[in-house]
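Below is one structure, written out as structure tokens; the observations come after it.
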Amino acid sequence: MNIPKTSFPRIVIIGGGFAGIALAKKLAKQEVQVILLDKNNYHTFQPLLYQVSTGGLEPDSIAYPIRKILKDFPNFYFRLANVESINHQDKLVNTNIGELSFDYLVIASGSQTNYYGNSEIKKHSMAMKTIPQSLNLRSLILENFEDALLTPDLNERNALMNFVIVGGGPTGVELAGALAEIKKGILPKDYPDLDTRLAQIHIVQGENRLLYGMSHKSSEKAEKFLEKLGVHVWKNLRVTNYDGTTVTTNSEVSFEAATVVWAAGVKGATINGINAKDLIGPGNRVMVNEYNQVKGFLDIFAIGDIAFMKTKKFPNGLPMVAQPAIQQGRLLGENLIRIVKKKPLKPFVYKDKGSMATIGRNKAVVDLKRFKFQGVFAWYVWMFVHLFFIIGFRNRIIVFINWVYNYIRFDREARLIIRPYKKSHKS
């Protein structure tokens with residue numbers, strides 16, 4: 001990999017997500033050599049992927065080059081690579097561009113969509129975990145309306161305009177709200193010769209309420225917001241299969257839809273070599289102790305979505321969202337320096353700063369430790385927080401300008417089919 005040898009300890013980070021970037025920043029200007037490996041050369045602000053899918057933002061406004069983030073850090077190296085396995089006995093990381101030795105290894109590989117073993121759903125539905133997947137979804141949505149213009153079959157036309165979102169968490173709720181606003185404000189203008197009123201948006205939740213991880217008040221308000229936008233909310237209903245045309249459930253309810261978005265769960269993106277049964281906890285996540293050390297290792301760590309850290313408050317592991325990942329990355333950076341200096345480690349304590357979700361224009365729900373609020377003010381808080389955490393001044397400005405423009409004009413300029421997508425191509 002052409003990494004220079006050094007007398008400094010070598011820390012290898014796998015993954016350039018929230019956790020990996022937070023860790024790398026914390027290690028800046030320390031007497032260690034940091035090597036970050038990722039299959040993409042950019043960091044993705046995942047909370048806004050749904051806006052790329054629905055034409056609200058272009059992908060370059062929520063992505064930022066990893067090299068640029070850490071360009072001023074000495075002893076930092078980035079390599080574009082797919083990590084294939086970990087050889088912990090010889091302290092080697094095996095990748096598609098060669099192998100790399102390490103003194104300390106940090107697994108921050110994140111999560112991936114969990115289809116719960118259903119190959120048909122995986123084959124025919126759409127995921128929204130990466131920028132390419134979001135662009136595919138955007139193209140499919142627009143192509144389906146183009147096809148709806150051409151078909152004389154009324155049932156097929158309706159199916160092309162129907163959307164089923166599986167999963168009532170923040171991703172599903174935010175996507176449903178965005179699609180509802182597109183149906184209301186944009187489709188009638190773009191397709192005046194198509195009765196877009198027939199388009200239906202369904203959100204299917206296996207639990208008895210939406211936003212199950214938030215307060216009951218926020219769940220109820222989010223459901224009311226969606227219903228006001230015309231979204232059909234189905235609770236206590238589980239999707240069992242999707243063959244590309246028909247969505248079947250655990251009841252007599254079924255849907256005919258050409259677009260199904262699977263947002264019903266995620267699992268850890270484990271790597272060969274650290275996938276033994278005694279190392280993997282619930283959600284396919286790597287079990288770690290309070291210092292984020294992988295079970296049975298002193299020199300291998302896991303942070304972020306991939307890490308399963310059991311606490312009294314979170315017996316099923318910490319939430320797989322940005323804040324735990326960022327906080328773990330920062331503390332681990334401090335602890336790695338403590339290890340090098342032979343100082344005692346600090347245990348990780350998650351500081352829950354709250355959760356939030358937006359349902360659309362002037363509609364959001366926010367749960368903070370002491371306050372819970374919904375509506376217009378919550379929407380402004382949601383926008384401010386997301387702008388604050390986007391990496392790069394340019395990206396913040398672009399996102400802000402797009403939001404202001406979309407709000408004033410009730411428009412989404414990025415509804416472009418840049419690259420056609422056909423579901424038949426999906427393996």
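The values are calculated or read from the model by the stated rules, or taken from the named source; none is laboratory data. None of these values were measured; they are calculated from a predicted model. For neighbour counting, all protein chains shown are included, and Cβ atoms are generated from backbone atoms with ideal geometry for every residue, glycine included. Protein only, heavy atoms only, side chains kept; ligands, DNA and RNA dropped before computing areas. Shrake-Rupley method; radii C 1.70, N 1.55, O 1.52, S 1.80 Å.
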On the accessible surface of the stretch 66-159, probed at 1.4 Å with all protein chains in place, carbon and sulfur together account for a percent value of 45
Listed residues F400, F255 arranged by accessible area, highest first, probe 1.4 Å
F400, F255
Kindly report, to the nearest 10 Å², the accessible surface of H43 as traced by a 1.4 Å probe over protein heavy atoms only.
10
Please list D367, D193, D153 from largest to smallest accessible area, probe radius 1.4 Å, with all protein chains kept in place.
D193, D153, D367
Descending principal axes extents, the stretch 151-258, alpha-carbon based, whole Å
44, 30, 18
What does the charge count near V204 come to, summing +1 for each Lys or Arg and -1 for each Asp or Glu among other residues with Cβ under 12 Å from its Cβ?
+1
Do any of K71/K422; K183/K423; K129/K353 go past 32 Å between their Cα atoms, and which?
K71/K422
Unit-weight point scatterers at every alpha-carbon of the stretch 2-60, Debye formula, q = 0.20 1/Å: log10 I(q)/I(0) is -0.80
Whole Å is fine, so just give me how far the alpha carbon centre of the stretch 89-167 lies from that of the stretch 360-406.
26
Given the -39500 (n - 2.57) contribution per DSSP H run of 4+ residues, what per-residue ellipticity at 222 nm results for the chain, rounded to the nearest 500 deg cm²/dmol?
-9500 deg cm²/dmol
Percent relative contact order for the stretch 269-427, counting Cα pairs under 8 Å at least six residues apart, stands at 11
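If you stretched the chain out fully between F389 and D299, how much longer would it get, using 0.36 nm times the residue separation minus the C-alpha to C-alpha distance?
Contour length minus the Cα-Cα distance gives 29.4 nm.
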Taking the Cβ of A176 as the center, what net charge do the other residues with Cβ under 11 Å away carry, scoring Lys and Arg +1 and Asp and Glu -1?
-3
Percent accessible area from carbon and sulfur atoms, the stretch 228-379, protein chains only, probe 1.4 Å
54
Using a 1.4 Å probe on heavy atoms of the protein chains only, the accessible area for V261 in Å², nearest 10, reads 10
Provide the net charge surrounding A22, with neighbours chosen by a C-beta distance below 12 Å and charges set as Lys +1, Arg +1, Asp -1, Glu -1.
+2
Paramagnetic reach from K224 (point 7 Å along Cα→Cβ, amide N under 19 Å) across the stretch 174-203:
174, 177
Taking L416, L226, L387 and ranking on accessible area (1.4 Å, protein atoms only), highest first, one gets L416, L387, L226
Contact order normalised by length for the chain, with contacts defined as Cα pairs under 8 Å and 6 or more residues apart; what percent is it?
20
With a/c under 1.5 counting as rounded, go ahead and sort the stretch 341-417 into rounded, prolate or oblate using the C-alpha gyration tensor (a ≥ b ≥ c being the square roots of the eigenvalues; past the cut-off, prolate if a/b is larger than b/c, else oblate).
oblate
What angle, in degrees between 0 and 90 and rounded to the nearest 10, separates the Cα long axis of helix 216-228 from the longest principal axis of the Cα atoms of the chain?
40
Pick out, in residue order, every one of the GluC sites (Glu not before Pro) in the stretch 215-270 that is DSSP loop and has at most 11 other C-beta atoms within 10 Å; say none if there are none.
E252
So, R0 is 51 Å and r is the distance between the beta-carbons of V253 and E334; what FRET efficiency does that work out to, to 0.05?
0.50
Give me the accessible area per residue for the chain, probe 1.4 Å, as a whole number in Å².
48
Estimated FRET transfer efficiency when R0 is 41 angstrom, pair N41-I408 (beta carbons, to 0.05):
0.75
If R0 = 45 Å, then K29 and L154, at their Cβ-Cβ distance, give a FRET efficiency to the nearest 0.05 of 0.10
Along the charge dipole of the stretch 11-170, Cβ charges K/R +1 and D/E -1, which of G16, S61, Q46 sits furthest on the positive end?
G16
Just report the Cα centroid separation between the stretch 214-262 and the stretch 17-62, whole Å.
31
Once all protein chains are kept in place, M287 shows an accessible area at probe 1.4 Å, nearest 10 Å², of 50
